[in-house]
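A.B. asks: I have a structure here, written as C-alpha cells, and I will follow up with some questions on it.
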Amino acid sequence: MKNKTSFLLQEGEARPSRCPDNSAFKQQKLPAWKPQLTFATVLSSFFLTGMFCLAVGVCLILAANSVREIQIDYSDKCSDCSKLRENSSNWNKECHCSVNFTLKEDILGDVFMYYGLQNFYQNHRRYVISRSDPQLLGRKVNIQRSYCAPFTTYKNGTPMAPCGAIANSIFNDTINLFYNRNSSVIQVPLLKTGNSWWTDKNVKFRNPKSYNLSSAFAGTARPPYWQKPVYLLDEEDERNNGYVNDDLIIWMRVSAFSTFRNLYRRVKRIRQFADGLPAGNYTFRISYNFPVTKFKGRKHVILSTVVWSGGSNPFLGIAYVVSGTAATLTGFIITAIHVKLRKKKTCFEK
C-alpha cells in the first residue's frame, strides 16, 4: 500500500490559494448602478405606463372599428349540397349553390375575401403533428417514419403527396363573386396568389426538382379526400402549383382556436373595382365540397378591409386598455396609501 502521506503536502511547502484573484471583477467591486426608488419615480412610472397603454389601446380600437366587413353564413343556404357531401360515395359529383347579398355602401380600398370555419379543432395534438415538413420541402423521405399516419400510403403502397391529416382535410370549396349591375352580371376579378407569407412561399415549401411537376410527383397519389392531385392545384400558374400553392400553404398553418378564418382571395382593383367594391347587389357562387355537418360546424365567407393594425379584431386594443387602466388605478392606490401613511407619520411626530 502506497504511503498516504505522498498525497499530502510535505511540511514547509506552501498550500496553493483557492481564493479568487484580487481583481475588481472577481471581487465584485465593479461600479454598479443602484437605483433608489422614491415615491415620485414609482408613481410616475405607473401613471406614464398607464397613459401610454390607454392611448395605444384607444387607437387600436378605433382602427379596428373603422374596418368595413361583411360576413355571410352559407351553411344552411347550401343545405342540399351539404347533404350530398355527407355521403362519401358522392365525392366525384359536383354541387353548386348561390348566396345573394347587398352592399348598402361602397367598400373602398383593398378588399380581402376570407373563408371562416366554426367548431373545427385544428389545435388537436395529433392533428397538428400529422404532416411531413421534409416532404413539403420537396425532399425524398420515407413518410412511413413520419407522423402522417394513417394518411401515409394506400394499401398498394403508393405514398400520399402531401401526407397527413392536415393536408387531407384542406378546405376545397370554390368561391366566386359576381356583381349584379342593372341587367348584367359581372364577375369580380380575384387574386389567388400573393396571399401567403414570403417565408412560407420561399423557405418552408418547395416542389421536388424535375423538368415538370407531373414527373416530380410520379409514384405518388393524392390524399383520399382530394379531388385532384397536388400538381394540378393550379393549372394556370406554375408558380402557384404543387406544394407552393397559396391555398395549401395557408391551410397548413393551423389555427389555435376552433373558430378561425383564412385568407382566400383578394379583389383585383381594375375597371369597376378600381376603388374597391361599389354598393349594389352581389352573388357568391360556391362549388360546395367541404362537409361540416358531421362535426356540427359552420362555414362563412367574409369580405373585409384592413387597416394599419390589421383586420377587425379589437382584442389587442382591449388588452392595452385593460392594462393601462390597471396601471393607472395602481398609481392612484399607491398615492392614497402614501398620503395616508404620511398623515399618520406627521401625527406621530407631533
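Okay, residues lined up against (1) touching a residue at least 12 places away in the same chain (Cβ under 8 Å); (2) open to solvent by less than 50 Å² (accessible area, probe 1.4 Å):
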position	(1), (2)
25	no, no
29	no, no
32	no, no
39	yes, no
43	yes, yes
54	yes, yes
64	yes, yes
67	yes, yes
71	yes, no
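A.B. asks: Residues in the range 111-127: is at least one basic (Lys, Arg) and touching a residue at least 40 places away in the same chain (Cβ under 8 Å)?
C.D. replies: Among the residues of the range 111-127, not one is basic (Lys, Arg) and touching a residue at least 40 places away in the same chain (Cβ under 8 Å), which makes the answer no.
A.B. asks: Report whether or not residue 254 is open to solvent by 20 Å² or more (accessible area, probe 1.4 Å), under 23 Å from residue 134 (Cβ atoms), β-branched (Val, Ile, Thr) and part of a loop (DSSP other than H, G, I, E, B).
C.D. replies: Yes: the conditions hold for residue 254.
A.B. asks: Here's another thing I want to ask about it. Taking only pairs six or more apart or across chains, which ones have beta-carbon atoms under 7 Å, a first residue in the range 182-194 that is closer than 12 Å to residue 281 by Cβ, and a second residue that is surrounded by fewer than 16 Cβ atoms within 10 Å (Cβ to Cβ)?
C.D. replies: 186/272
A.B. asks: Right, another one. Against the conditions (1) touching a helix residue (DSSP H, G or I) at 6+ places or on another chain (Cβ under 6 Å); (2) open to solvent by less than 20 Å² (accessible area, probe 1.4 Å), where does residue 245 fall short? Just the number, please.
C.D. replies: It is condition (1) that residue 245 fails.
A.B. asks: Which pairs have Cβ atoms under 8 Å, sit 6 or more apart or on different chains, and link a residue in the range 305-332 that is part of a loop (DSSP other than H, G, I, E, B) to one that is of a type in the set (Lys, Arg)?
C.D. replies: Short answer, once both residue conditions are applied: 305/68.
A.B. asks: Further question: Have a look at 294, 343 and point out the one that is open to solvent by 90 Å² or more (accessible area, probe 1.4 Å), more than 18 Å from residue 260 (Cβ to Cβ) and in contact (Cβ under 8 Å) with a residue 24 or more places away in the chain.
C.D. replies: Testing whether each residue is open to solvent by 90 Å² or more (accessible area, probe 1.4 Å), more than 18 Å from residue 260 (Cβ to Cβ) and in contact (Cβ under 8 Å) with a residue 24 or more places away in the chain leaves just 294.
A.B. asks: Right, next: Every residue in the range 193-227 that is open to solvent by 50 Å² or more (accessible area, probe 1.4 Å), modelled with pLDDT of 90 or more and not in a loop (DSSP other than H, G, I, E, B), please.
C.D. replies: 198, 199, 203, 204 - these are the residues of the range 193-227 that are open to solvent by 50 Å² or more (accessible area, probe 1.4 Å), modelled with pLDDT of 90 or more and not in a loop (DSSP other than H, G, I, E, B).
A.B. asks: Quick one: in the range 110-131, of everything that is open to solvent by less than 10 Å² (accessible area, probe 1.4 Å) and assigned to a loop (DSSP other than H, G, I, E, B), which residue is nearest to residue 215 (Cα to Cα)?
C.D. replies: 130
A.B. asks: Still on this model: Looking at (1) in a strand (DSSP E or B); (2) small (Gly, Ala, Ser); (3) surrounded by fewer than 12 Cβ atoms within 10 Å (Cβ to Cβ), which is the one condition that is false for residue 89?
C.D. replies: Answer for residue 89: the failing condition is (1).
A.B. asks: Tell me which residues, restricted to the range 229-238, are modelled with pLDDT of 90 or more and open to solvent by 20 Å² or more (accessible area, probe 1.4 Å).
C.D. replies: Matches in the range 229-238: 229, 231, 232, 233.
A.B. asks: Taking the criterion of being within 20 Å of residue 117 (Cβ to Cβ) and either surrounded by 14 or more Cβ atoms within 10 Å (Cβ to Cβ) or in contact with an Asp or Glu (Cβ under 6 Å, 6 or more places away or on another chain) (or both), would at least one residue in the range 315-323 satisfy it?
C.D. replies: Taking every residue of the range 315-323 in turn, none turns out to be within 20 Å of residue 117 (Cβ to Cβ) and either surrounded by 14 or more Cβ atoms within 10 Å (Cβ to Cβ) or in contact with an Asp or Glu (Cβ under 6 Å, 6 or more places away or on another chain) (or both).
A.B. asks: Which of the following residues is buried (at least 19 other Cβ atoms within 10 Å of the Cβ) and not hydroxyl-bearing (Ser, Thr, Tyr): 178, 151?
C.D. replies: 151
A.B. asks: Let me ask you something else. Step by step: first the residues of the range 267-304, then only those that are within 24 Å of the chain's Cα centre (by Cα) and in a loop (DSSP other than H, G, I, E, B), then the one that is nearest to residue 112 (Cα to Cα). Which residue is that?
C.D. replies: The selected residue is 268.
A.B. asks: Within the range 305-326, take every residue that is more than 13 Å from residue 63 (Cβ to Cβ) and of a type in the set (Ser, Thr, Tyr) and give me the one that is nearest to the chain's Cα centre (by Cα).
C.D. replies: Among those that are more than 13 Å from residue 63 (Cβ to Cβ) and of a type in the set (Ser, Thr, Tyr), it is 323.
The values are calculated or read from the model by the stated rules, or taken from the named source; none is laboratory data. Everything quoted here is computed from the prediction, not taken from an experiment. As a convention, Cβ positions derive from the backbone with ideal geometry for all residues, glycine included, and neighbour counts pool all protein chains shown. Ligands, DNA and RNA are stripped out before the accessible areas are found, and what is left, the full protein with its side chains, is counted by its heavy atoms. Shrake-Rupley method; radii C 1.70, N 1.55, O 1.52, S 1.80 Å.
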